[in-house]
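The block underneath contains the structure these notes are about, expressed in structure tokens.
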Amino acid sequence: MEHKVIIEATGLSKCFGEREVLRAENITLCAGNIIGVMGPSGAGKSTLLRILSLLDPPTSGVLSFFGQPLPASPSERLVMRRRLTMVMQKPVLFDASVFDNIAFGLKARRLPAGEISRRVEESLEKIGLTAQRRQKAKTLSGGEAQRVALARAMVLEPEILFLDEPTANLDPANVELLEGLLRSLNRELGTTVVIVTHNLFQARRLAGDILFLCQGSLVEAGPTEEIFKRPLDLRTRAFVEGRMIY
Amino acid sequence: MSKRISRWLVGLFLLLAALTTANSLAQAAEIRVLLDARPLSLEVKPQQEGGTVLVPLRAVLGALGAEMTWDSKARSVNIIRGRTSLALTIGNTAATRNGTTIQLAVAPRIVNGRTLVPLRFVSEALGSQVDWRSRDLTVAITSPAKRALTLATTTSTYDSGLLQAILPAFEKAFDYEVRIISVGTGAALALGRDGNADVVLVHSRALELQNVAQGHFIGRREIMYNDFVIVGPTADPAGLRRAANATAALRAVAEARATFVSRGDNSGTHVKENELWRAAGLTPSGAWYLRAGAGMADTLRMADERNGYTLTDRGTYYMQQDKLDLVLLFEGGEILHNQYGIMAVNPARHPRINLEGATDLIQFFVSPRGQSLVASFKDARGRQLFFPNAHLLR
Amino acid sequence: MLEAIANAVRLLATFDPELFRIIWLSLFVSGSAVVLAALCGVPLGTWLGLKPVPSVRAITIIIYTLMGLPPVVAGLVIYMLLSRRGMLGPLNLLFTVEAMIIVQTLLAIPIIVGLTAIAVRSKGREIRDTVLVLGADHRLLVWTLIREARYGILGAVITGFGRVIAEVGAVMMVGGNIEGHTRVLTTAIVLETRKGNFALAMALGIILLLLAFIINSGLYRLQAGGTDGT
């Protein structure tokens with residue numbers, strides 16, 4: 001388990017108009033970990049993910065990635081953005097073939113065609129959709145679509161991969177497949193995985209560390225087993241014991 | 001100071017009070033006459049004798065849209081409204097209505113140089129309804145209900161403004177509400193053929209006669225004429241000004257291949273234009289000859305924009321003159337005569353058309369009154385646009 | 001009515017050259033106008049669709065108003081510009097095919113801009129996050145949006161075409177309905193009606209409907225082909 005800090009956020013706050021939806025004094029994510037982000041609905045998990053994946057700016061706070069502050073110039077920021085990627089809860093696939101969907105990010109980075117082809121074919125095999133490479137992505141089932149969305153992200157070999165409840169709508173077979181892919185990505189490439197999940201079991205299965213949010217604030221953070229066995233906060237305890245009504 | 005002002009104020013107040021009292025006292029004895037709920041202004045106050053109210057003749061005639069002729073020797077007046085004619089004699093209780101003699105309760109008289117006639121008799125004889133309100137001494141006259149009449153005519157006739165100027169007199173005297181549909185000549189005739197109009201007024205003699213021969217229309221009368229003229233650019237490249245006649249003028253245009261804009265819509269003007277080309281022995285074709293497929297005003301505009309020639313009726317040209325650079329280059333000659341005809345739709349083909357209205361309108365146009373209204377219609381510069389010729393039974 | 005249909009068939013079957021010239025001109029004028037309008041309108045609409053709604057509220061209202069611009073008003077404005085007395089008079093464009101294309105382009109542009117903006121904005125909401133998070137730069141984002149919204153954009157173009165091929169006020173005003181030069185189906189219908197040839201006018205109307213139907217259903221099939229399974 002590495003302890004190099006890959007993302008650090010201090011004094012983070014996000015407001016929509018008058019309403020503050022997220023507040024976290026200090027978030028530290030270590031490289032090479034699988035970090036689970038948990039909490040009841042409306043806790044601000046998706047908001048946090050969007051800020052950390054550089055989709056939305058925070059209202060206040062300081063972010064640093066890979067030990068460096070956020071660059072000012074858009075072109076440098078783009079370079080940094082290309083070191084991470086995200087998979088949404090509902091997969092949004094393009095009106096194109098499965099192959100072209102997976103290849104999208106690679107084409108964006110102007111990789112040579114041969115390299116793109118190799119990586120995509122490899123990825124298709126891993127998700128078991130080699131035969132459907134020419135099929136229109138819009139015609140896939142929910143499980144197949146989420147696999148393609150994950151493949152699309154993984155094929156970029158990102159240093160950080162964010163996922164927002166990626167298996168929420170999937171059947172157990174697909175859940176197992178996706179979790180396996182995440183584990184191997186983390187193991188083989190050392191990708192830091194930040195995954196928002198509602199599923200207590202999934203969190204315990206996958207995550208090495210947990211961030212627990214409740215009503216917009218970071219309540220507790222720590223290793224998975226600590227959070228589950230010896231939660232410090234009453235809310236955390238209620239949540240991990242499955243007693244939190246929400 | 002304030003004492004003087006207050007004295008003035010009291011005096012003013014008393015004066016006002018006196019005046020209003022006197023006024024209402026005077027009003028209390030006065031009879032009011034209303035025509036369709038609007039007060040009628042009378043030069044002389046109405047007089048009452050027995051149960052009959054007498055009013056000045058001229059006011060009543062004006063209100064009802066009637067005309068009159070005065071015979072000073074016989075001291076009698078002849079009133080005409082629509083199809084009704086009344087004859088009254090001063091001091092005589094015998095009056096006639098369309099020839100039938102009627103006895104009056106009170107004879108017409110002259111007071112202060114004004115002729116007074118029995119209000120109820122005259123109004124009712126001319127078709128109105130008369131009601132007496134004893135409560136406030138009011139006579140309420142209700143004009144007869146208006147019947148609908150649909151007239152189809154050409155756009156150039158309508159745009160000249162003639163109908164808008166003279167039809168109200170017809171509507172008032174004959175109790176009609178005329179709906180004018182202005183379309184191309186062909187469409188106007190088609191409206192009549194299909195029974196969508198009661199009466200048609202166009203200026204395309206050959207087409208009219210053809211339609212009559214085919215049994216679509218009856219009672220055709222020729223009522224007025226104007227003429228066609230050829231207009232074009234001031235520069236006059238084809239030299240129309242020097243042409244001997246209209247045919248020669250068009251031949252000159254063709255030879256010079258000067259831009260010529262044709263109506264191209266089978267209107268009266270277009271038919272006349274084709275007649276001229278035939279007389280010249282030419283079939284116009286080529287880039288210089290533009291078939292616009294438009295109304296007269298639009299065709300003039302196009303000729304203006306293109307610096308070209310066109311054949312137009314004088315009336316539309318006069319109306320558009322101020323907006324155009326085109327000038328009148330050729331006029332005159334029997335061949336440029338533009339005859340207007342009016343005819344009723346044949347009820348044998350369309351039983352539900354308003355034949356009575358159509359006939360009344362035709363009668364109106366050929367009557368001395370109608371003909372003189374046509375002649376007195378002038379454009380903005382005071383020029384006469386239409387010349388009545390109904391007496392010439394062709 | 002049946003007489004009119006028979007008339008229409010007869011006219012087409014006998015390959016009446018005047019009729020075919022009119023049909024060709026209708027297609028040429030409206031087709032050119034729509035192509036030009038798309039070239040201007042699609043980029044403009046895309047730019048509009050990328051902007052957040054509050055910042056373009058004024059422009060959006062103007063575009064929506066212009067979408068309903070009465071053709072005869074557009075015709076009048078262009079007429080006044082192109083007239084000999086107008087600002088562009090020296091160009092001698094009045095009563096020409098070029099003038100007709102100009103005015104129809106102006107009529108089609110707001111429709112294409114407005115509907116393209118709507119298509120792009122709704123697609124934008126859908127895929128913006130995904131595209132950004134996959135590392136696309138701004139140019140790729142715009143290009144992807146246009147590609148994803150292509151059926152919506154095609155729909156905008158079809159709608160624009162439908163509007164201009166059916167209008168008569170603008171082309172009548174600036175074209176003048178000159179036989180053999182600027183006469184199209186709609187203006188020919190007006191003329192035949194004015195002449196009282198209702199059956200012929202009806203026949204022309206049927207031909208116009210048929211034309212619009214053929215083109216619209218062809219384009220619709222193209223569009224529907226892309227939205228299957230969504």
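The values are calculated or read from the model by the stated rules, or taken from the named source; none is laboratory data. Just so you know, these numbers come straight off a predicted model, no measurement behind them. Reconstructed Cβ throughout: ideal geometry from the backbone, glycine too, with neighbour counts over all protein chains shown.
So here's what we get for this one:
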| read-out | value |
| --- | --- |
| Selection count, region A:192-218, where residues are touching a strand residue (DSSP E or B) at 6+ places or on another chain (Cβ under 7 Å) and either among the charged types (D, E, K, R) or on the phi > 0 side of the Ramachandran plot (or both) | 2 |
| Residues being surrounded by 16 or more Cβ atoms within 10 Å (Cβ to Cβ) and assigned to a loop (DSSP other than H, G, I, E, B) - total across region B:33-47 | 4 |
| Of all residues in region A:145-192 being hydroxyl-bearing (Ser, Thr, Tyr) and part of a loop (DSSP other than H, G, I, E, B), the one that is nearest to residue A:120 (Cα to Cα) | A:191 |
| Residue ID - surrounded by the most Cβ atoms within 10 Å (Cβ to Cβ), chosen from residues in region A:79-105 that are of a type outside the set (D, E, K, R) and part of a loop (DSSP other than H, G, I, E, B) | A:93 |
| Index of the failed condition, residue B:110 passing every other in (1) part of a strand (DSSP E or B); (2) modelled with pLDDT of 90 or more; (3) of a type outside the set (Lys, Arg) | (2) |
| Residue within region B:322-332 that is within 14 Å of chain C (Cβ to nearest Cβ) and farther than 26 Å from residue C:97 by Cβ present | yes |
| Residue match in region C:131-145 (condition: at positive phi, touching a Lys or Arg at 6+ places or on another chain (Cβ under 7 Å) and small (Gly, Ala, Ser)) | yes |
| Options A:209, A:233; residue that is modelled with pLDDT of 90 or more and charged (D, E, K, R) | A:209 |
| Residue list for region A:212-233, filter: among the polar types (S, T, N, Q) and assigned to a loop (DSSP other than H, G, I, E, B) | A:215 |
| Selection from region C:180-202 of residues that are at the interface with another protein chain (Cβ under 7 Å from one of its Cβ atoms) and touching a Gly at 6+ places or on another chain (Cβ under 6 Å) | C:191, C:194, C:195, C:196 |
| Residue B:101 vs. criteria exposed (fewer than 12 other Cβ atoms within 10 Å of the Cβ) and under 28 Å from residue B:177 (Cβ atoms) | no |
| Search result, residues across region C:60-113 that are surrounded by fewer than 16 Cβ atoms within 10 Å (Cβ to Cβ), of a type in the set (Gly, Ala, Ser) and within 16 Å of residue C:166 (Cβ to Cβ) | C:68 |
| Residue in region C:141-154 that is away from every other protein chain (no Cβ under 12 Å) and not in a helix (DSSP H, G or I) present | no |
| Residue satisfying all of: in region B:241-271; in contact with a Leu (Cβ under 7 Å, 6 or more places away or on another chain) and among the charged types (D, E, K, R); modelled with the lowest pLDDT among these | B:265 |
| Unmet criterion (only one of (1) away from chain B (no Cβ under 14 Å); (2) crowded, with 20+ Cβ neighbours inside 10 Å) for residue C:222 | (2) |
| Test: residue in region A:167-186 that is aliphatic (A, V, I, L, M) and surrounded by fewer than 16 Cβ atoms within 10 Å (Cβ to Cβ) | yes |
| Filter result (touching a Gly at 6+ places or on another chain (Cβ under 6 Å), within 14 Å of chain B (Cβ to nearest Cβ) and in a helix (DSSP H, G or I)) within region C:162-179 | C:169, C:173, C:174 |
| Residue list for region C:32-52, restricted to those being over 10 Å from the mean Cα position of the chain (by Cα) and in contact (Cβ under 8 Å) with a residue 40 or more places away in the chain | C:40, C:41, C:42, C:44, C:45, C:46, C:48, C:49, C:50 |
| Checklist (1) under 13 Å from the mean Cα position of the chain (by Cα); (2) surrounded by 20 or more Cβ atoms within 10 Å (Cβ to Cβ) applied to residue B:353, failing item | (1) |
| Residue check, residue C:165 touching a residue at least 60 places away in the same chain (Cβ under 8 Å), in contact with a helix residue (DSSP H, G or I) (Cβ under 6 Å, 6 or more places away or on another chain) and buried (at least 20 other Cβ atoms within 10 Å of the Cβ) | yes |
| Subset of region B:178-188 [modelled with pLDDT of 90 or more, buried (at least 17 other Cβ atoms within 10 Å of the Cβ) and either in contact with a helix residue (DSSP H, G or I) (Cβ under 6 Å, 6 or more places away or on another chain) or more than 8 Å from chain C (Cβ to nearest Cβ) (or both)] | B:178 |
| Residue under evaluation residue B:293, criteria (1) closer than 16 Å to residue C:178 by Cβ; (2) modelled with pLDDT of 90 or more, criterion not met | (2) |
| Leading residue by the ranking (nearest to residue A:162 (Cα to Cα)) among those in region A:6-30 that are touching a residue at least 60 places away in the same chain (Cβ under 8 Å) and in contact with a Gly (Cβ under 7 Å, 6 or more places away or on another chain) | A:22 |
| Selection status of residue C:159, away from chain B (no Cβ under 14 Å) and either of a type in the set (S, T, N, Q) or in contact with a strand residue (DSSP E or B) (Cβ under 8 Å, 6 or more places away or on another chain) (or both) | yes |
| Filter result for the condition that a residue is more than 24 Å from the chain's Cα centre (by Cα) and touching a residue at least 24 places away in the same chain (Cβ under 8 Å), over B:151, B:207, B:162 | B:207 |
| Of all residues in region B:189-221 being assigned to a helix (DSSP H, G or I) and closer than 30 Å to residue B:80 by Cβ, the one that is nearest to the other protein chains (Cβ to nearest Cβ) | B:192 |
| Residue among B:268, B:281 that is more than 10 Å from chain C (Cβ to nearest Cβ) and either in contact with a Pro (Cβ under 8 Å, 6 or more places away or on another chain) or crowded, with 19+ Cβ neighbours inside 10 Å (or both) | B:268 |
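Yes or no, residue by residue, for (1) among the hydroxyl-bearing types (Ser, Thr, Tyr); (2) in a helix (DSSP H, G or I); (3) touching a Leu at 6+ places or on another chain (Cβ under 8 Å):
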| position | (1), (2), (3) |
| --- | --- |
| C:7 | no, yes, yes |
| C:26 | yes, yes, yes |
| C:32 | yes, yes, no |
| C:65 | yes, yes, no |
| C:87 | no, no, yes |
| C:103 | no, yes, no |
| C:107 | no, yes, yes |
